[in-house]
Amino acid sequence: YLMSLKTVHLAAQLACDSTSEKKYADMIADIEPKVERLLADDYLHKEYDRTEHMQIQYHVGEYDIKMGKTARMTERLMKYFVPMLDSGATTLNECCFGEVYDKVTEYTGKKPTYVSWCHGWSAIANVLLPMGIAGISPIEKAFDRFLLKPDFETYKTFRCAVPTPKGDIAVKFENNEFSYHIPEGSIAEFVYAGETKELSGNGKISIE
């Protein structure tokens, strides 16, 4: 519900609808502290860790990242996302364990119950891995400004590219050196060692 409120608040901003923008801002101000109190004791993980639905797994994985537990997020993908691929799935199945669904090319005509064979949420790894390991997430529309907060503690080497309307954001971390390419027109807020600085263009940073 809180995420929905933030989405319609952003839509009101983009539409220059100041009345609706204030309405949703007030609702967010009321709801968000209550949600934060729930999350403070690891609520999502305790309640929903074992759900088979990929939509909830995405929210729990995103929450893992927010709590600084990116290793737990990658363990989640290995536990739930990888088995879906290993099952021979030819589409993005709605659920991540249990019944192995018919392949699209071998569909038997069986009527699905709650099952979807084209479930966008089941592509969660494409969002959670760049967000959790490379620390890339948008601050402004179209990644005009974005957060760049890599997890150098947990992961000693990684490469990542995130497509944006202005071009790919690309990063690499190897041999204690962090390299980045930021497309023209975008700015990164790079967070490292408790400090934040703006980055643009191409560059390398030594990570001790």
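The values are calculated or read from the model by the stated rules, or taken from the named source; none is laboratory data. Source: prediction; values computed, not measured. Note: ideal-geometry Cβ built from the backbone for every residue, glycine included; neighbour counts use all protein chains shown. Keep in mind that these areas ignore ligands, DNA and RNA; they rest on the heavy atoms of the full protein, side chains included. Shrake-Rupley method; radii C 1.70, N 1.55, O 1.52, S 1.80 Å.
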Glu184 is checked against (1) touching a Lys or Arg at 6+ places or on another chain (Cβ under 9 Å); (2) part of a strand (DSSP E or B) and fails just one. What number does that condition carry? (2)
Given Lys197, Lys204, Lys172, Lys166, which one is in contact with a Pro (Cβ under 8 Å, 6 or more places away or on another chain) and either of a type in the set (D, E, K, R) or surrounded by 15 or more Cβ atoms within 10 Å (Cβ to Cβ) (or both)? Lys166
Tell me, please, whether a residue that is more than 25 Å from Asp151 (Cβ to Cβ), touching a Phe, Trp or Tyr at 6+ places or on another chain (Cβ under 9 Å) and surrounded by 13 or more Cβ atoms within 10 Å (Cβ to Cβ) can be found in region 68-87. yes
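A quick yes/no check of all residues on (1) open to solvent by 20 Å² or more (accessible area, probe 1.4 Å); (2) over 28 Å from Lys6 (Cβ atoms); (3) at pLDDT below 95:
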{"residue": "Ile136", "(1), (2), (3)": "no, no, no"}
{"residue": "Glu140", "(1), (2), (3)": "yes, no, yes"}
{"residue": "Pro150", "(1), (2), (3)": "no, no, no"}
{"residue": "Glu153", "(1), (2), (3)": "yes, yes, yes"}
{"residue": "Arg159", "(1), (2), (3)": "yes, yes, no"}
{"residue": "Ile187", "(1), (2), (3)": "yes, no, no"}
When you look at Ala125, is it out of contact with any helix residue (DSSP H, G or I) (no Cβ under 9 Å at 6 or more places or on another chain) and open to solvent by less than 60 Å² (accessible area, probe 1.4 Å), yes or no? no
Examine region 4-22 for a residue that is assigned to a helix (DSSP H, G or I), among the β-branched types (Val, Ile, Thr) and under 25 Å from Ile133 (Cα atoms), and state whether such a residue exists. yes
Test each condition in (1) over 20 Å from the mean Cα position of the chain (by Cα); (2) under 29 Å from Ala89 (Cβ atoms); (3) without any contact (Cβ under 8 Å) to a residue 12 or more places away in the chain for Pro163 and report the one that comes out false. (1)
Which pairs do you get when a residue that is within 21 Å of Lys197 (Cβ to Cβ), found in region 119-147, comes within reach of a residue that is among the basic types (Lys, Arg) and part of a loop (DSSP other than H, G, I, E, B), reach meaning Cβ atoms under 9 angstrom, with the pair 6+ apart or on two chains? Ala134/Lys149; Gly135/Lys149; Ile136/Lys149; Ser137/Lys149; Phe143/Lys166; Asp144/Lys166
Check Lys34 against each of (1) under 23 Å from Lys149 (Cα atoms); (2) modelled with pLDDT of 85 or more and name the one condition it does not meet. (1)
Please work out if Tyr63 is among the aromatic types (Phe, Trp, Tyr) and under 26 Å from Ile124 (Cβ atoms). yes
